[in-house]
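What follows is a single structure, written as structure tokens, with notes after it.
The values are calculated or read from the model by the stated rules, or taken from the named source; none is laboratory data. Quick caveat, the model's predicted, so the values are computed rather than measured. In this analysis, Cβ positions are derived from the backbone assuming ideal geometry, glycine residues included, and neighbour counts consider all displayed protein chains. The accessibility values were calculated without ligands, DNA or RNA, using every heavy atom of the protein model including side chains. Shrake-Rupley method; radii C 1.70, N 1.55, O 1.52, S 1.80 Å.
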Amino acid sequence: DMANLTVQERNEGVVFVAKVVPGSSGATRICGLLGGMLKVKVSAAPEKGKANECLLEFLAGLLGVKKNALGIVSGQTHPVKHVHVSGMSAETLLKKLNLTEPDPRE
């Protein structure tokens, strides 16, 4: 079941866990869920926070929020990152990420 991303409502927003796979060829994209984490392939190399920037820009576009509404709570230098989105409910997050059904293209 795709709809089992672990999301916590916290600090006027939500926190979820993203597992970043850096330096993938092609565009940054979600490639599914892994044990309650959102697995995201990012096109940026994992250096000097580039993967983090890439992840936040991608998520901001996907969620339709400003980039400053997003923050990495922990895991800045680790592939597994806790991402906070302010002003969003868990339900909205899951809808925007379209995790209610699997993506047939994957």
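Overview of results
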quantity	calculated
Two-site label geometry, residue 67 and residue 43: point separation in nm, points 7 Å out along Cα→Cβ	1.4
Residue of 41, 95, 81 that the Gaussian network model of the chain assigns the largest fluctuation, springs spanning Cα pairs under 10 Å	95
Using θ = phi - 60° and Karplus 6.51 cos²θ - 1.76 cosθ + 1.60, couplings along segment 30-47 (whole Hz; Gly, Pro as x)	7, 10, x, 10, 9, x, x, 9, 8, 8, 10, 8, 10, 6, 6, 6, x, 9
Karplus-derived 3J(HN,Hα), 6.51/-1.76/1.60, for each residue of segment 11-27, Hz, glycine and proline x	6, 6, x, 10, 10, 9, 10, 10, 9, 9, 10, x, x, 7, 6, x, 6
Phi to ³J(HN,Hα) by Karplus 6.51 cos²θ - 1.76 cosθ + 1.60 over segment 59-74, Hz, x for Gly, Pro	5, 4, x, 5, 8, x, 10, 5, 4, 6, 7, 10, x, 8, 6, 8
Mean separation of Cα contacts under 8 Å (6+ apart) over length of the chain, as relative contact order %	32
Amide H within-cut-off set for residue 34, under 5 Å, with H built and near neighbours excluded	39
Interchain or long-range residues, amide H under 5 Å from residue 73's placed H	82, 83, 84
Segment 1-50: C-alpha gyration tensor shape, a/c 1.5 cut-off, then a/b vs b/c	oblate
Percent accessible area from carbon and sulfur atoms, the chain, protein chains only, probe 1.4 Å	51
Per-residue [θ]222 nm for the chain (sum of -39500 (n - 2.57) over DSSP H runs n ≥ 4, rounded to 500)	-6000 deg cm²/dmol
Rounded to the nearest 10 Å², the accessible area of residue 88 at probe 1.4 Å	20
Mean accessible surface per residue for the chain, computed with a 1.4 Å probe while every protein chain stays in place, in Å²	56
For semi-axes √(5λ) of the Cα gyration tensor in Å, calculated from these coordinates, the label among (1) 26, 14, 12; (2) 19, 17, 12; (3) 35, 12, 11	(2)
